[in-house]
Amino acid sequence: MEYLYATFKNQGAETIRQELITRRIGSEAALLERLKRTKQEAELSSSADCEMVARYLMTVAQGMAVQAKAGVTREKRQPMVDDVIFGWSRLSRNSAGG
C-alpha cells in the first residue's frame, strides 16, 4: 500500500509519511471511540480493553490490505477474517456473558 512506499527516501516522502501517520492515528482514534460507545451500550464485554482491540483491528486491517495489494487472494485471506470474527464473538457481551 501507499504507506509502504512512503518509507523510501524520495523527495516528499517524509511529508507523505507524516500524512499517513496522521490518518492512521485519526482512524484508530475514531475506532477507539466507537468501541468505547459499544462497551457503554453493553454490546462489548465490560472487561474488554478498547485500546488493545482498536490496535488489534487496525493491525489486522492494515496487514490484510498489504496482502491484498501483494496479490494474496480473497480465499487465502478469508481464514483470517473468520478468526477475527471468532475473536470478536469472544469480546461481545452476548458471548462473553460480561
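The values are calculated or read from the model by the stated rules, or taken from the named source; none is laboratory data. What you see is a predicted model; the values in this text were computed from it and never measured. All Cβ positions, even for glycine, are placed from backbone atoms using ideal geometry, and neighbour counts span all protein chains on display.
Residues of segment 28-41 that are within 12 Å of L57 (Cβ to Cβ) and exposed (fewer than 15 other Cβ atoms within 10 Å of the Cβ): A30, R34.
Matching residues to (1) over 13 Å from the mean Cα position of the chain (by Cα); (2) assigned to a loop (DSSP other than H, G, I, E, B); (3) among the hydrophobic types (A, V, I, L, M, F, W, C); (4) at pLDDT below 90:
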position: L4; (1), (2), (3), (4): yes, no, yes, yes
position: K9; (1), (2), (3), (4): yes, yes, no, yes
position: A42; (1), (2), (3), (4): yes, yes, yes, yes
position: A48; (1), (2), (3), (4): yes, yes, yes, yes
position: A54; (1), (2), (3), (4): no, no, yes, no
position: M58; (1), (2), (3), (4): no, no, yes, no
position: P79; (1), (2), (3), (4): yes, no, no, no
position: F86; (1), (2), (3), (4): yes, no, yes, yes
position: R90; (1), (2), (3), (4): yes, no, no, yes
